[in-house]
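What follows is a single structure, written as structure tokens, with notes after it.
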Amino acid sequence: MTDIWFRTGEATVLAAEGQFTDAMPEVLIGSVRGPVGTAFASMMGQVKGHTRMFVVRDLNQLVRPATMMTTKATIKSLEYVELLGGVVQGATGDAIVDCLIEGILPKEEADEICMIIMIWLDPRCAKDDNLDLKDLYRTNYEATKIAIGRAMRGEPSVEELIANRKTVRHYALEDVVDYE
């Protein structure tokens with residue numbers, strides 16, 4: 001029985017210059033017998049504008065641990081769905097398998113835990129004639145690995161958050177909050 005009950009992680013990997021391919025996955029990892037498993041099972045339907053799908057690396061290649069992905073942005077076009085279920089899903093799946101290979105996720109518990117990953121895919125990607133699919137893959141692959149690693153290590157720690165309270169700032173608050 002797993003001791004991985006409820007772990008969270010996130011990461012941001014920025015796009016190459018001129019691209020809208022920033023990746024910002026948010027990951028929830030836990031036992032299939034606990035609250036994460038319940039949340040995972042409850043996602044087995046669709047919600048308009050926020051497609052949910054298993055992460056597969058390719059046809060007949062469902063990743064382990066079983067992982068459900070969904071979007072943070074509302075889906076409004078077939079082009080967006082194709083990017084999400086293509087390059088982004090493939091990058092996410094590759095990152096999960098590499099986390100197993102590298103020991104970030106425990107292989108022996110791959111059927112005892114599950115994951116939910118919320119994906120940021122900028123809606124502008126679907127309409128960008130100069131979209132760099134390699135950069136879309138890179139950002140999603142790297143960010144997924146980082147987010148899973150942070151979840152498994154419990155990062156950032158409470159101590160780190162407290163130590164950085166006045167030095168790490170949300171970009172949207174630069175002109176709003178005076179941290180001095």
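Rule-based calculations on the coordinates, nothing more; no lab input. Just so it is clear, the model here is predicted, and its values are computed rather than measured. Note that each Cβ is placed from the backbone with ideal geometry, even for glycine, and that neighbours are counted across all protein chains shown.
Taking loop as defined by DSSP and a crowding limit of 13 other beta carbons within 10 Å, which GluC sites (Glu not before Pro) in segment 1-109 fit?
Sites meeting the loop and neighbour criteria: GLU17, GLU102.
Just flag the trypsin sites (Lys or Arg not before Pro) in segment 85-180 sitting in loop per DSSP whose Cβ has no more than 16 other Cβ atoms within 10 Å.
Sparse-neighbourhood loop trypsin sites (Lys or Arg not before Pro): ARG165, LYS166, ARG169.
Apply the Kirkwood formula to the chain: the hydrodynamic radius equals the inverse of the mean of 1/r over all pairs of different alpha-carbon atoms; give it in Å with one decimal.
Value: 17.1 Å, from the Cα pair sum.
Tell me, what ³J(HN,Hα) does each residue in segment 89-102 have, in order and in whole Hz, if you take phi through Karplus 6.51 cos²θ - 1.76 cosθ + 1.60 with θ = phi - 60° and put x for Gly and Pro?
5, x, 5, 5, x, 4, 5, 5, 4, 5, 5, 5, 4, 7
Could you grab the relative contact order for the chain? Cα pairs under 8 Å, six or more apart, rounded to a whole percent.
Taking the mean separation of contacting Cα pairs over the length of the chain, I get 33 percent.
Apply 1/(1 + (r/R0)^6) to the Cβ-Cβ distance of MET53 and ILE101, taking R0 = 35 Å, and write down the FRET efficiency to the nearest 0.05.
0.95
Hey, what do the phi angles of segment 161-173 turn into as Karplus ³J(HN,Hα) couplings, whole Hz, using 6.51/-1.76/1.60 and θ = phi - 60°, x for Gly and Pro?
Once θ is set to phi - 60°, the couplings for segment 161-173 become 4, 5, 4, 9, 3, 9, 10, 9, 10, 5, 4, 6, 9 Hz.
What spacing in nm lies between the two simple spin-label points modelled at THR74 and ARG153, each 7 Å away from Cα in the Cβ direction?
3.8
What's the exposure ranking of PHE54, PHE20, PHE40, going from fewest to most Cβ atoms within 10 Å?
By the 10 Å Cβ count, ascending, the order reads PHE54, PHE20, PHE40.
Calculate, in nm to one decimal, what VAL177 and THR8 gain on full extension: separation in residues at 0.36 nm each, minus their alpha carbon distance.
Full extension from VAL177 to THR8 adds 58.1 nm.
May I ask you to sort LEU62, LEU131, LEU173 by Cβ crowding, counting other Cβ atoms within 10 Å and putting the fewest first?
LEU173, LEU62, LEU131
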